[in-house]
Amino acid sequence: MKRDIYFSKPIMNAAGSLGFAPDPRAGIPFDRFGAFITNPISLRPRLPTPQPALIEFPGGFLLHTGLPNPGLSAVIKKHSARWNRADLPIIVHLMADRPEETMHMVRMLEGIENVMAVELGFAPLLADDIILLSLEMCLGEVPLIFSLPVEQVLSLGPKLIEGGASAISIACPRGALMSDKNKLTTGRVYGPSIFPQALNTVRSAAMSGIPIIGAGGVWTEMDAADMLSAGAMAVETDASLWSPKEASA
């Protein structure tokens, strides 16, 4: 059962950039957004990594946090009323590595006011069969967006859309760099340098008929406009929101 989604405005934040609910005090131009995406949420509480890292490189930075969160029940208890009061529809981003747990989390969100859709994110190198099983088990009342790395958008995306997913979004890429302690550190990669690959993925996905939400290195209004021109149905922006005076996408 495919659930269509529609964005009144094509810009939104990416998961992990602005917390679990819109905060009017944050100085973010929420009036320009078509939706708010929560930080990644797991079923159970998740602690920060013991060794967090932020490593800069030309054109961006690598961030390693462990994706800490209090677990879905605690997030719903604390933030569902704020979701309901928000001027923006809410997209809840779930960490979806185990299909049974993911199905349980999606069912917990059904019926919560102002939850527009669920975005499912997956661990690196998770098998296609597990992701397809997640789709089969989670289809229901809430539209599903599958957040995939660029390597899987064109190979797996069409199967997910055919199976009932509402859209595909581009997941934050991962990389590895040496820290100042000469330790190899893995994490999510941000910055303008990843934009060309993301834009090419949007173009290819749109040409293949995949409803694609662009993301990755969107740093300016022109970047967002280019993704929309390439066929994106909407655009997620992330780290540029942490420097709003420098980037206004």
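Provide the per-residue ³J(HN,Hα) series for region 199-204, in order, calculated from phi with Karplus coefficients 6.51, -1.76, 1.60 and θ = phi - 60°, each as a whole number of Hz, with x at glycine and proline positions.
Karplus values, whole Hz, x for Gly and Pro: 5, 5, 5, 4, 4, 5.
List the residues of region 15-46 whose backbone N lies under 19 Å from a point placed 7 Å from the Cα of D87 along the Cα-to-Cβ direction.
Output list for this probe position: 18-38.
Would you calculate a helix-derived [θ] at 222 nm for the chain, using -39,500 (n - 2.57) for each DSSP H run of n ≥ 4 and dividing by the full residue count, to the nearest 500?
Values: 6 runs with 72 residues, N = 249.
Result for the chain, helices only: -9000 deg cm²/dmol.
Can you compute log10 of I(q)/I(0) for region 128-249 with the Debye formula, treating each Cα as one identical point scatterer, at q = 0.10, 0.12, 0.15 Å⁻¹?
Calculated log10 I(q)/I(0) at the listed q: -0.34, -0.48, -0.72.
Would you mind pulling out the separation of the Cα centroids of region 174-249 and region 88-143, in Å?
Cα centroid to Cα centroid, the span is 22 Å.
Could you tell me what % of all Cα pairs in region 1-124 have separations over 18 Å?
So the pairs more than 18 Å apart make up 55 percent of the total in region 1-124.
Given springs between every Cα pair under 10 Å in a Gaussian network model of the chain, which of M207, M116, M178 has the largest fluctuation?
Comparing M207, M116, M178 in the GNM, the peak value goes to M178.
For the chain, what is the Kirkwood hydrodynamic radius in Å, using each pair of distinct C-alpha atoms? Please list the in-between numbers first.
Numbers: mean 1/r = 0.0552 Å⁻¹.
Its Kirkwood hydrodynamic radius stands at 18.1 Å.
For the chain, with every protein chain kept in place, what is the accessible area per residue (1.4 Å probe, Å²)? Can you show the working numbers first?
Numbers: 11840 Å² over 249 residues.
Heavy-atom SASA per residue in the chain reads 48 Å².
Once you wrap a convex hull around the alpha carbon atoms of region 52-92, what is its projected area averaged over all directions, in nm²? Write down the numbers at each step before the final one.
Working: hull surface 18.2 nm².
Value for region 52-92: 4.6 nm².
Over the chain, calculate the relative contact order: mean separation of alpha carbon pairs under 8 Å at least 6 apart, over the residue count, as a percent. Kindly include the intermediate steps, with their values, before the conclusion.
On the way: 552 pairs, mean separation 49.3, N = 249.
This gives 20 percent for the chain.
Go ahead and set up a Gaussian network model of the chain, Cα springs under 10 Å, then flag whichever of G217, G16, G121 fluctuates most.
Greatest mean-square fluctuation among the candidates belongs to G16.
How much of the accessible area of region 114-198, in percent, comes from carbon and sulfur atoms when a 1.4 Å probe is used? Could you put the intermediate results ahead of the total?
Numbers: 2180 of 3800 Å².
Using a 1.4 Å probe with all protein chains present, region 114-198 comes out at 57 percent carbon and sulfur.
Where the accessible area of region 59-111 is counted over protein heavy atoms with a 1.4 Å probe, how much of it, in %, is carbon and sulfur? Write down the numbers at each step before the final one.
On the way: 1250 of 2370 Å².
On region 59-111, the fraction of accessible area on carbon and sulfur atoms equals 53 percent.
May I ask what percent, to the nearest 5, of DSSP beta bridges between residues of the chain are antiparallel?
Details: 14 of 39 bridges.
Here the antiparallel bridges make up roughly 35 percent for the chain.
Heavy-atom accessible area of F57 with all protein chains present, probe 1.4 Å, nearest 10 Å²?
60 Å²
With the cut-off at 1.5 for a/c, could you classify region 60-180 from its C-alpha gyration tensor as rounded, prolate or oblate? Could the numbers behind the result be given before it?
Numbers: a/c = 1.82, a/b = 1.17, b/c = 1.55.
Note, shape of region 60-180 comes out oblate.
Largest first, please: the extent of the C-alpha atoms of region 17-60 along each principal axis, to the nearest Å.
Rounded to whole Å, the extents work out to 36, 36, 18 Å.
Put W242, W83, W219 in order of accessible area, largest first, 1.4 Å probe: what do you get?
Values: W242 110, W83 0, W219 55 Å².
Result, largest first: W242, W219, W83.
Mind pulling the per residue volume of the convex hull built on the Cα atoms of region 71-135? Å³ is fine. It would help to have the intermediate numbers written out before the result.
Values: hull volume 5.3 nm³, N = 65.
Residue-normalised Cα hull volume stands at 81 Å³.
Provide the per-residue ³J(HN,Hα) series for region 179-184, in order, calculated from phi with Karplus coefficients 6.51, -1.76, 1.60 and θ = phi - 60°, each as a whole number of Hz, with x at glycine and proline positions.
Values, residue by residue: 7, 5, 9, 6, 10, 5 Hz.
Pick from K181, K77, K159: which is most flexible by mean-square fluctuation in a GNM of the chain where alpha carbon atoms under 10 Å apart are linked?
In the Gaussian network model the winner is K181.
The values are calculated or read from the model by the stated rules, or taken from the named source; none is laboratory data. All of these numbers come straight from a predicted model, not from anything done at the bench. Positions of Cβ are generated from backbone atoms using ideal geometry, with glycine treated the same way; all protein chains shown enter the neighbour counts. Calculation scope for accessible area: heavy atoms of the full protein, side chains included, ligands and nucleic acids excluded. Shrake-Rupley method; radii C 1.70, N 1.55, O 1.52, S 1.80 Å.
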